[in-house]
Amino acid sequence: MEKRCILCGRKFVVENMCETCADDDLFTTEPKKSVSVCELCRKKLKHEADKSQKPTKPVG
Ligand SMILES: [Zn+2]
C-alpha cells in the first residue's frame, strides 16, 4: 500500500504494515500506532536518536 511520509512528504510503498509498526518505539508514543515515515527519514531518526543517546556533556 502507498503511504506518505509525515516528515518529508514523500510517497512510499510499504509491503506489509507490520514493518512500520514493528520497532518504531522511537517516536511511537501509543501502542499499535502505525507511523508513516519513509525509510530515509527513519534512518535519519535512528541516527539522530543514536547521537542523542550519547552523553554530550564534556567529561572533566
Ligand atoms: Zn521521509
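The values are calculated or read from the model by the stated rules, or taken from the named source; none is laboratory data. Source: prediction; values computed, not measured. Side chains included, ligands, DNA and RNA excluded: accessible areas come from the protein's heavy atoms. Shrake-Rupley method; radii C 1.70, N 1.55, O 1.52, S 1.80 Å.
A straight chain from K11 to E48 at 0.36 nm per residue would run longer than the Cα-Cα distance by 11.1 nm. Taking R4, R42 and ordering them by how much accessible surface each has at a 1.4 Å probe, largest first, produces R4, R42.
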